[in-house]
Each structure stands twice: as structure tokens, then as C-alpha cells.
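Asks: Below you'll find the structure I mean.
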Amino acid sequence: MKKIASFTVNHDILEKGMYISRVDGDVVTYDIRMKKPNGGDYLSMPSAHTFEHLFATFARNGKQGEQIVYVGPMGCRTGFYLLVRDEITPAQAIALVKDGMAFIASYEGEIPGNTSKECGNYREHDLAGAKALALDMARVLANWTEKDLYYKE
């Protein structure tokens, strides 16, 4: 079988950050790398679950919400994928992620979609953990620019 694109990225040198993972027609996949791959520190499932609920809700409720295709965690628990229509420019995508991190880091209240009717695992959440992830990523992305969106080789 043909190797998928994400397996061609050198995870030995990949650092935390935000990268363009791939472009498929009018859909751009961003790699929001929140943990150093194979570093021994991974996203906890409760924190990642809460982060997903908050980030997806934030992104889909913003002015570009109709252009959000998907927000979801990586199976390796080192980050998230953000898929957007190409109407969102790379600079706008960076701003969206930075704004999302600020939103999550300061979030107080009920977790959106956190009832048994709305979520398949509504009891497994960690708001404090999600806030800590967002705060850490906000620091990582503070000076992130379009030139930083490309994987190092």
C-alpha cells in the first residue's frame, strides 16, 4: 500500500507548533502539534476530549465557522487536526488557532455538548487539563507566522 502523507513527516525532528499537513482540493489540513512526538508526554484522553469539545465549538461558531470541515485529535495523542476550506488563508488559520487557544485557556462554565444525549463519553472530561494544553500552545504559537507552517526536513 502507498504510505500516507502524515507518515512521511520526520517525527524525530518534529516540534510543537502548527503546520500545513496537506492540501486536498479546497481542503487544507493543519497539524496542530501539541506534544513532542515520541517524547513520553502525551495528551491525556480527558483533557483532549474537553479540548476537542471547546475548540470545535469555538471554531464552528466564529465568523469562518462555515469553512471548518473537521477538528479532531490525532490517534498518537500528540495533537489535533484542523481541516478548513481554502477560503481561510494560512494567516487566518493561525489567527483562528491562536484565538481558540486563548478562548480555551480562559474558559469557565459547562463544557459544550457534555450530556449523555450529546456525547458518547460525556463523563470523561478534564477542563483544567484542556486549559493547560491551550495555555501551553498559546505560548508556542505566540510568534508563529506563515513561514513557520512548513515541516522541517
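What follows is calculated from the coordinates using simple rules that are stated; it is not laboratory data. The model shown is predicted, which means the values in this text are computed figures rather than measured ones. Note: ideal-geometry Cβ built from the backbone for every residue, glycine included; neighbour counts use all protein chains shown.
Asks: Any idea how many residues of region 107-153 are closer than 20 Å to A93 by Cα and part of a loop (DSSP other than H, G, I, E, B)?
Replies: 8
Asks: I've got another one for you. Is it the case, given these coordinates, that I68 is in contact with a helix residue (DSSP H, G or I) (Cβ under 6 Å, 6 or more places away or on another chain), at negative phi and surrounded by fewer than 19 Cβ atoms within 10 Å (Cβ to Cβ)?
Replies: Working: in contact with a helix residue (DSSP H, G or I) (Cβ under 6 Å, 6 or more places away or on another chain): yes; at negative phi: yes; surrounded by fewer than 19 Cβ atoms within 10 Å (Cβ to Cβ): no.
No, not satisfied.
Asks: Which one is farthest from Y151 (Cα to Cα) among residues in region 16-30 that are under 14 Å from the mean Cα position of the chain (by Cα) and touching a residue at least 60 places away in the same chain (Cβ under 8 Å)? Step through it out loud before you land on a result.
Replies: Step one: of region 16-30, the residues under 14 Å from the mean Cα position of the chain (by Cα) are 16-21, 28-30.
When the remaining residues are screened for being touching a residue at least 60 places away in the same chain (Cβ under 8 Å), the result is 16-21, 28, 30.
Values: K16: 11, G17: 10, M18: 9, Y19: 6, I20: 8, S21: 8, V28: 15, Y30: 11 Å.
For region 16-30, the residue satisfying everything is V28.
Asks: Given the criterion more than 28 Å from K147 (Cβ to Cβ), in a helix (DSSP H, G or I) and touching an Asp or Glu at 6+ places or on another chain (Cβ under 6 Å), identify the matching residue among T57, T50. Write out each step before concluding.
Replies: On the way: T57 fails: touching an Asp or Glu at 6+ places or on another chain (Cβ under 6 Å).
Sole residue among the options that is more than 28 Å from K147 (Cβ to Cβ), in a helix (DSSP H, G or I) and touching an Asp or Glu at 6+ places or on another chain (Cβ under 6 Å): T50.
Asks: Identify all residues within region 32-58 that are surrounded by fewer than 22 Cβ atoms within 10 Å (Cβ to Cβ) and within 10 Å of the chain's Cα centre (by Cα); write none if there are none.
Replies: E52, A56
Asks: Would you check if F80 is aromatic (F, W, Y), buried (at least 18 other Cβ atoms within 10 Å of the Cβ) and farther than 24 Å from H11 by Cα?
Replies: On the way: aromatic (F, W, Y): yes; buried (at least 18 other Cβ atoms within 10 Å of the Cβ): yes; farther than 24 Å from H11 by Cα: no.
Judged against the criteria, F80 is not a match.
Asks: Still on this model: Please go through region 102-131 and pick out each residue that is among the small types (G, A, S), in contact (Cβ under 8 Å) with a residue 60 or more places away in the chain and buried (at least 16 other Cβ atoms within 10 Å of the Cβ).
Replies: Within region 102-131, G129, A130 meet the criteria.
Asks: Right, another one. Can Y70 be described as in contact (Cβ under 8 Å) with a residue 60 or more places away in the chain and closer than 19 Å to A134 by Cα?
Replies: Values: in contact (Cβ under 8 Å) with a residue 60 or more places away in the chain: no; closer than 19 Å to A134 by Cα: yes.
In short, no.
Asks: Next question. Answer yes or no: is there a residue in region 26-37 that is within 23 Å of N143 (Cα to Cα), in contact with a Ser or Thr (Cβ under 6 Å, 6 or more places away or on another chain), part of a loop (DSSP other than H, G, I, E, B) and not polar (S, T, N, Q).
Replies: Checking region 26-37: at least one residue is within 23 Å of N143 (Cα to Cα), in contact with a Ser or Thr (Cβ under 6 Å, 6 or more places away or on another chain), part of a loop (DSSP other than H, G, I, E, B) and not polar (S, T, N, Q).
Asks: Which residues, taken from region 75-90, are assigned to a loop (DSSP other than H, G, I, E, B), farther than 10 Å from V27 by Cβ and not hydroxyl-bearing (S, T, Y)? Before you say what the answer is, go through the steps one by one.
Replies: Here is the first cut: in region 75-90, the residues assigned to a loop (DSSP other than H, G, I, E, B) are 75-78, 86-89.
Retained after the next criterion (residues that are farther than 10 Å from V27 by Cβ): 75-78, 87-89.
Passing the criteria: G75, C76, R77, E87, I88.
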